[in-house]
1. If you take the alpha carbon radius of gyration of the chain and divide it by 2.2 N^0.38 Å, what ratio comes out, to two decimals?
2. Add +1 for every Lys or Arg and -1 for every Asp or Glu among the other residues with Cβ under 11 Å from the Cβ of residue 184, and state the total.
3. Rg(Cα) of the range 319-378 divided by 2.2 N^0.38 Å?
4. Please give me the summed charge of the neighbours of residue 331: other residues whose Cβ is under 11 Å from its Cβ, Lys and Arg +1, Asp and Glu -1.
5. May I ask you to derive the relative contact order of the chain, considering only C-alpha pairs under 8 Å and at least 6 residues apart, and to give it as an integer percent?
6. Bin width 10 Å, origin at 0, all Cα-Cα pairs of the range 342-475: what percent of pairs per bin?
7. Would you calculate a helix-derived [θ] at 222 nm for the chain, using -39,500 (n - 2.57) for each DSSP H run of n ≥ 4 and dividing by the full residue count, to the nearest 500?
8. Within the chain, count lysine pairs with alpha carbon atoms under 24 angstrom apart where the residues are 8 or more positions apart or belong to different chains.
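Since every read-out is calculated from the coordinates, none of them should be taken as a lab result. The model shown is predicted, which means the values in this text are computed figures rather than measured ones. Here the Cβ positions follow ideal geometry from the backbone for every residue, glycine too, while neighbour counts run over all protein chains shown.
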Amino acid sequence: MNLYPLFANLRGKRVLVVGGGHVAERKVAALRKTGADIQVGAPRISRQLALWVASGSIGHHRAEFADDWLQGAWLVVAATADRALNRRIAAAGERCRVFVNVVDDAELSSFHVPAVVDRSPLLIAISTAGAAPLLARLLRERIESLLDASLGPLAALAARYRQRIRARFPDLTRRRAFLETLFGGKVAAELRRDRPLAAERALEAALAEVTMPNPRGSVVLVGAGPGDAGLLTLHGLRALQQADVILHDRLVSTPILELARRDALFIEVGKQGGGAQTPQDRIHALMLEHANAGRRVVRLKGGDPFVFGRGGEELEFLRAHAIDFEVVPGITAAIGCAAYAGIPLTHREHAQSLRLLTAHCRESIDTLDWRMLAAPGQTLAVYMGVGELPRIQRNLIENGRAPETPIALIENGSRPDQRVVRATLGDLASSARQHRLQSPTLLIVGEVAALADQLNWFGPQPLTIPVDKAHVLRAA
């Protein structure tokens, strides 16, 4: 069946919906957004339909279907559970030359209601001609995840300024270039930040330029999460698919990078503990270079940019150089890795507070308040500490944390090769040596860590050191 796609203006036009149940209610709810003159026909109608009738927003034929209901109608929706009645309605529509949709019956329908992605005034309709409605809905879900809510206001703004843009750029080639800048530049960025007045001012300024403005690039700091691509946010996915350049940490997983634009420039700027490092000044220089060249840059970080990710430093640099920026937070390692290990970071019976700390070098460890960190009733989540576990163990025990305190070491959290090692604080360093843990590994200290033994749901069961070896390793 070859359908001709179209979008109908139904404002003020009569639409008949035959049926009074929940299906009819759903169809009426969608039609109400169009401003149509909606008439519902059925002896009995749902409570919601009755409320709309009482408010005067829809009309009601309180009777069995009659052909004369179609008089003056532009469209008809048959939403009854009686196929014989639906066939009568479809036949009446044919005689009156009125398009009829019979819900879930492509054979009787002369028009189909598509799955719709609504970013009004931008609308995207998906149809399989009734062959596979579920497939259309699945495709709609995918497209929904790709399209930012700001596209609607962007389309509306472009419509308001359409005549001025045409007058300013009568040449089609120059007009297209301007619109590409409009849809991908500062105006769109301001709308994503929910700043409509700033977006309109940016558009006014661009129209006032004597020559075509040189597009200035921008930077988006995106948190990639702990590793599982499914934990990337929708905003993060959109940013990756719009990026010209992606500056990514070494620990960002391959499945996440594969979600980005295929033709983007990928630059690894390693930030892995114990390995080669890209100096922060070099990362700043790369962001500046590509943004000044008019490119859309994504600075892609593992976890969250603002949790031990130097996101604040990078934003300060961008602000100092007048580069537009946005931030897309990510699921930080403590939350993501703990969840995939079955460890609640807080628990009414075990921990009423949570502390996030980093131990990537000896200098950072020496600045910590170990007496406070050793207090009971709290959870410690230690980032980048795999190389300093003996010092962490010693400092906590010396300041009063019991050697029997449960701990968990989560290597490659949320990834297919995740490993969880369960032990006690007294066996912390020896457990890491026994299982040869490598970066990235998150350390969790506190009673909640023991819950991994029973709440683990992802990957293999937690590893432990056999009891007879534990004392030997601890002594060593």
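1. On the way: Rg = 30.2 Å, N = 476, 2.2 N^0.38 = 22.9 Å.
Expressed relative to 2.2 N^0.38 Å, the Cα Rg reads 1.32.
2. So the surrounding residues net to +1.
3. Working: Rg = 16.5 Å, N = 60, 2.2 N^0.38 = 10.4 Å.
With N residues counted in the range 319-378, Rg over 2.2 N^0.38 Å equals 1.58.
4. -2
5. Numbers: 859 pairs, mean separation 43.6, N = 476.
The value is 9 percent.
6. Pairs per bin, as whole percents: 13, 47, 35, 5.
7. -11000 deg cm²/dmol
8. Taking the chain as the scope, the lysine pair count is 4.
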